[in-house]
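The values are calculated or read from the model by the stated rules, or taken from the named source; none is laboratory data. Since this is a predicted model, take the numbers as computed values, not measurements. We place every Cβ from the backbone using ideal geometry, glycine too, and count neighbours over all the protein chains shown.
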Amino acid sequence: MFRTGRICAVVAERDAAAMARGLRRALRVSKTVELRLDWLRSGGEIERMIRWLAANRKRLGTASRLTLIATCRRRGAGGEFVGGVREELELLRGAAAAGCRWVDLEIESAEWMRPEEVQELRRVARVLISYHNFRRTLPNLRNVRIRVENARGDAIKIAAEARGFRDALRILKLARESRRVVAVPMGDSAAAARILALRGGSALAYAPVGAATAPGQISFEEMTSLYRADRLTRRTRIYAVIGDPIGHSLSPQLQNAGFRTRRMDAVYVPVLVRDLRDFLAAIGPLGIAGFSVTLPHKEAILRHLDDCDPLAAEIGAVNTVVVRGGGKLYGYNTDYVGVLRALERRLPLAGSSVLVLGAGGSARAVAFALARGGANVRICARRIARARALARDVGGEAIERRRVRAEFFDAIVNTTPVGMFPKVGESPLEARELNCRLVFDLIYRPRDTKLLRLAKQRGIETVSGLEMFVAQGTAQWEIWTGERAPVREMAEAVEGVE
């Protein structure tokens, strides 16, 4: 249906000159481009852009090699255009005459128009009838689809806010029923579904080359280079990282580099998960083969596993899950491996005094690794009851924050999210509390956290969380694939990312 690229590059700018430049950039990466004319700041700028298109039609190659989609969505339908339906219709006709092969007409405008007017528009361009709901995914999407199809366009688009992963998959399911459907899950919970949209049968996927125009959009570069969204098929194995928040995670860069290096037909996607049950219900329908678990789910996931590695069960936290036959979930903990690899080369663990900040899932892996190595483990956490419980499990001691300044440790290990992107100006401890030889921060983004900077100012040796991150991540990769991980290539993929 869309004869050129199936990932549509979206261009949205405030003036015609900037949009023309954006179009040129988009044409370097895609032959299917949506021009969000409604983003232009005035009707005069829209008309200038249309005149520019007409004047450059031959040079752009709009007759054969390029598919331009003109969109002029009104504010009542979630767009930026302040004019009425008649003005919208005239501008879309002008864009079609200037070389736009497709026009996007929202269902509200199509229903306001007479049926013969929609058919008249189809004589000058192909018409994509679109439905947008920026608040929620309606329970009965089939009725929505029937409503949009009744407008009798050449194709339909259904875009709706996904409140969870299951909502996103319900939207994608519409695309499996017809090649004429463009399915667009929106919102923070829908990023993974956008990546998998073409695999799920959507006629198009959208990705901005500049400013994002809808919640949950992923840049064109990431869609094509990091996730290879246009090359995924039903045979592609799906892996994921789940957490809340998830935007800081570099796991997709790490794991996808491994798949790319070994030329495996697999992809690893980020999934914002607030409700574990919502995600777990989507594993079977999507065919997820395995997933990473990050905060705050490392302990809660244990209740949903069918079986677990004995060490992970003893630790009481899981960061790696394999989906086996029949959808059975088997858990592991590779954080343990990451801690040992990061610390053993710098510190003789036996007999060392180590302070662990935090008492969550990551803290449990760190505390068990240190205790197994013979260290004297002290636990400091906001909730003293949790600190005492973890200290009891590893044969260590809980310590209140007020005592930290008066103590000396061979090492301090931060397992809390304090200082993690985007709150990079925070630190779990003050400089005067850093009485130790070494500070290890599990946070890897940013690599140089405020905690580590404070330690360096006092001449204390520091260890970035990136080392542990790569170690635990490559161990995950090997558990999932059964092959030796390309460690060097995977590490290089994340070392330069800020």
TODO: Kindly establish whether residue 189 is within 11 Å of the chain's Cα centre (by Cα) and either on the phi > 0 side of the Ramachandran plot or not assigned by TED's automatic domain parsing to the domain that holds residue 13 (or both).
DONE: no
TODO: Could you figure out which of (1) crowded, with 23+ Cβ neighbours inside 10 Å; (2) of a type outside the set (Val, Ile, Thr); (3) modelled with pLDDT of 95 or more isn't true of residue 426?
DONE: (1)
- [ ] Inspect all residues belonging to the range 442-460 and state whether any of them is of a type in the set (S, T, N, Q) and assigned to a helix (DSSP H, G or I).
- [x] yes
TODO: Sort out which residues of the range 106-156 are touching a helix residue (DSSP H, G or I) at 6+ places or on another chain (Cβ under 9 Å), surrounded by fewer than 19 Cβ atoms within 10 Å (Cβ to Cβ) and β-branched (Val, Ile, Thr), and write them in order of number.
DONE: 124
Task: Within the range 59-78, tally of residues that are part of a loop (DSSP other than H, G, I, E, B), modelled with pLDDT under 95 and either under 31 Å from the mean Cα position of the chain (by Cα) or not hydrophobic (A, V, I, L, M, F, W, C) (or both) - done: 6
- [ ] Could you check how many residues of the range 396-418 are touching a helix residue (DSSP H, G or I) at 6+ places or on another chain (Cβ under 6 Å) and free of Cβ contacts under 8 Å to residues at least 40 places away in the same chain?
- [x] 3
Open item on the list: Which numbered condition in (1) buried (at least 22 other Cβ atoms within 10 Å of the Cβ); (2) not assigned by TED's automatic domain parsing to the domain that holds residue 260 is the only one that residue 480 fails?
Closed with: (2)
Task: Residue check for residue 202: buried (at least 22 other Cβ atoms within 10 Å of the Cβ), assigned to a loop (DSSP other than H, G, I, E, B) and not acidic (Asp, Glu) - done: yes
- [ ] Determine which member of the set 470, 487, 439 is modelled with pLDDT of 95 or more, more than 17 Å from residue 249 (Cβ to Cβ) and surrounded by 21 or more Cβ atoms within 10 Å (Cβ to Cβ).
- [x] 439
Open item on the list: Condition (residue is modelled with pLDDT of 90 or more, surrounded by fewer than 17 Cβ atoms within 10 Å (Cβ to Cβ), among the small types (Gly, Ala, Ser) and part of a helix (DSSP H, G or I)) applied to the range 26-39: is it met by at least one residue?
Closed with: no
TODO: Starting from the range 86-102, keep only residues that are touching a residue at least 40 places away in the same chain (Cβ under 8 Å) and under 11 Å from residue 69 (Cα atoms), then list their pairs with residues that are assigned to a helix (DSSP H, G or I) and among the charged types (D, E, K, R) whose Cβ atoms are within a distance under 8 Å, requiring at least 6 positions of separation or different chains.
DONE: 99/57
- [ ] Return only the number of the condition from (1) touching an Asp or Glu at 6+ places or on another chain (Cβ under 9 Å); (2) outside any loop (DSSP other than H, G, I, E, B) that residue 351 does not satisfy.
- [x] (2)
Open item on the list: I'd like to check something: does the range 447-462 contain any residue that is in contact with a helix residue (DSSP H, G or I) (Cβ under 8 Å, 6 or more places away or on another chain), within 29 Å of residue 321 (Cα to Cα) and either loosely packed, with under 15 Cβ neighbours inside 10 Å or of a type in the set (Lys, Arg) (or both)?
Closed with: yes
- [ ] Run down 378, 392 and say which single residue is more than 34 Å from the chain's Cα centre (by Cα), farther than 25 Å from residue 251 by Cβ and assigned to a helix (DSSP H, G or I).
- [x] 392
- [ ] Determine the pairs where a residue that is in contact (Cβ under 8 Å) with a residue 40 or more places away in the chain and under 21 Å from residue 494 (Cα atoms), located within the range 450-467, has a partner that is charged (D, E, K, R) and surrounded by fewer than 16 Cβ atoms within 10 Å (Cβ to Cβ) with Cβ atoms under 9 Å apart, the partner being 6 or more residues away or on another chain.
- [x] 463/346
